[in-house]
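**Student:** Supplied in structure tokens, the structure appears directly below.
The values are calculated or read from the model by the stated rules, or taken from the named source; none is laboratory data. Since we're looking at a predicted model, the values are computed, not measured. Glycine also receives a Cβ, built like all others from the backbone with ideal geometry; neighbour counts cover every protein chain displayed. Please note that ligands, DNA and RNA were not included when accessible areas were found on the heavy atoms of the full protein model with its side chains. Shrake-Rupley method; radii C 1.70, N 1.55, O 1.52, S 1.80 Å.
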Amino acid sequence: MRTRLILIRHAQAEGNIRGEFHGWTDGNITQKGHLQSKCLAQRLKDFDIDVIYSSPLKRAIQTAQYISEETNVPITISEGIKEINGGDWDGITWDELKKRWPEDFEIWSNTPHLHRMPNGESMMEFFDRIVNEIEFILKKDCGKNICIVTHGIAIRALMNYFRNVGLEVEPEIKWIGNASISVIDYEDNKFNIVLESDYSHLSEELLW
């Protein structure tokens, strides 16, 4: 029996346009984000979605609401698919992170499996959390088309899990765009990546 995961990165959020690291920082989506979400929901209406899970952060919930309205499927909030807890990094611009934590930023950029957010989660703790939640959802909703609205780092980490590789290759994983779609089929204890960070539903002016 095939189970389909439809992973969605939230639409453009306030932190994205400010160039900030947004882990648990709880910002809204932007005006462009609302337009992205409308296009996303229109495309997903033909995916026969059975259930929708969303991270509890506002940028994910706001994106999921468009999908819910288009598909008439209610949203279930899942703490397990929340973005990584950035600790002291939350709300800090990428340029400032490089200046204030140069060594940590180097580890984050090149060997993320060794990284721990100052006063936040380590990448391995985060990876274990989100994988455990996905495994729980796969068992609970076996055989369904499952839409999961989550975050960029979360989806990149999960791509390692689906490929059965470690986080040490995380920098090689394709960047996950705002309001993008990644589709993974699970059958006979194997994952098959059908789509990865596809945003062909967005016009050029709605990208990034």
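**Student:** Taking the Cα centroid of the range 2-23 and of the range 67-101, what is the distance between the two, rounded to the nearest whole Å?
**Tutor:** 7 Å
**Student:** Applying the Karplus parametrisation 6.51 cos²θ - 1.76 cosθ + 1.60 with θ = phi - 60° to the phi angles of the range 33-48, what ³J(HN,Hα) value in whole Hz is obtained for each residue in order, glycine and proline being reported as x?
**Tutor:** So the J values, rounded to whole Hz, are x, 5, 5, 4, 5, 5, 5, 4, 5, 4, 5, 6, 5, 9, 8, 6.
**Student:** Along the positive direction of the dipole of the chain (beta-carbon charges: Lys, Arg +1; Asp, Glu -1; about the Cα centre), which of Ile193, Thr25, Cys142 reaches farthest?
**Tutor:** Cys142
**Student:** Next up: How high is the relative contact order of the range 132-208, in percent, counting Cα pairs under 8 Å that sit 6 or more residues apart? Display every interim value, and only then the final one.
**Tutor:** Numbers: 62 pairs, mean separation 16.6, N = 77.
Value for the range 132-208: 22 percent.
**Student:** Give me the lysines in straight-line cross-link reach of Lys32: C-alpha distance below 19 Å, same-chain residues under 8 apart excluded.
**Tutor:** Leaving aside lysines fewer than 8 places away in the same chain, those within reach of Lys32 are Lys58.
**Student:** Over the range 79-126, calculate the relative contact order: mean separation of alpha carbon pairs under 8 Å at least 6 apart, over the residue count, as a percent. List each step's numbers first, then the result.
**Tutor:** Details: 43 pairs, mean separation 21.6, N = 48.
Answer for the range 79-126 is 45 percent.
**Student:** Could I ask something else about it? Using a probe radius of 1.4 Å on heavy atoms only, what accessible surface per residue do you get for the range 131-208? Whole Å² is fine. If you can, show how the numbers build up before the last one.
**Tutor:** Numbers: 3660 Å² over 78 residues.
Per-residue value: 47 Å².
**Student:** Sticking with this one: Under a 5 Å amide H to amide H cut-off, with H placed in plane at 1.01 Å, what residues pair with Thr76 once short-range neighbours are removed?
**Tutor:** Placed amide hydrogens put Ile52, Tyr53, Ser54 under 5 Å from Thr76.
**Student:** Probe of 1.4 angstrom, ligands and nucleic acids ignored: what's the accessible area per residue over the range 1-71, in square angstrom?
**Tutor:** Working: 2830 Å² over 71 residues.
Dividing the accessible area of the range 1-71 by its residue count gives 40 Å².
**Student:** In the chain, what is the volume of the convex hull around the alpha carbon atoms, normalised per residue and reported in Å³? Kindly include the intermediate steps, with their values, before the conclusion.
**Tutor:** Details: hull volume 21.9 nm³, N = 208.
Here the figure is 105 Å³ per residue.
**Student:** For every helix of n ≥ 4 consecutive DSSP H residues, a contribution of -39,500 (n - 2.57) applies; sum these over the chain, divide by its total residues, and give [θ] at 222 nm rounded to the nearest 500 deg cm²/dmol. Present the calculation step by step, with values, prior to reporting the outcome.
**Tutor:** On the way: 7 runs with 79 residues, N = 208.
Helices in the chain give a 222 nm mean residue ellipticity of -11500 deg cm²/dmol.
**Student:** Apply the a/c threshold of 1.5 to the C-alpha gyration tensor of the range 120-208 and tell me whether it is rounded, prolate or oblate.
**Tutor:** Working: a/c = 1.73, a/b = 1.21, b/c = 1.43.
Judged from the Cα gyration tensor, the range 120-208 comes out oblate (a/c at least 1.5, b/c at or above a/b).
**Student:** Note down the Stokes-Einstein diffusion coefficient of the range 88-150 in µm²/s, whole number, using a Kirkwood radius over alpha carbon pairs, 10 °C, and 1.306 mPa s. Don't skip to the answer; put the middle values down first.
**Tutor:** Working: Rh = 13.8 Å.
D, rounded to a whole number, is 115 µm²/s.
**Student:** Continuing with this model, one more query. Rounded to the nearest percent, how much of the accessible area of the range 46-180 (1.4 Å probe, protein heavy atoms only) is carbon and sulfur? List each step's numbers first, then the result.
**Tutor:** Working: 2860 of 6090 Å².
Here it works out to 47 percent.
**Student:** With only Lys, Arg, Asp and Glu charged, each at its Cβ (+1 for the first two, -1 for the last two), find how big the charge dipole of the chain is about the Cα centre; round to the nearest 20 debye.
**Tutor:** Details: 23 positive and 33 negative charges, 76 e Å.
The calculated dipole for the chain is roughly 360 debye.
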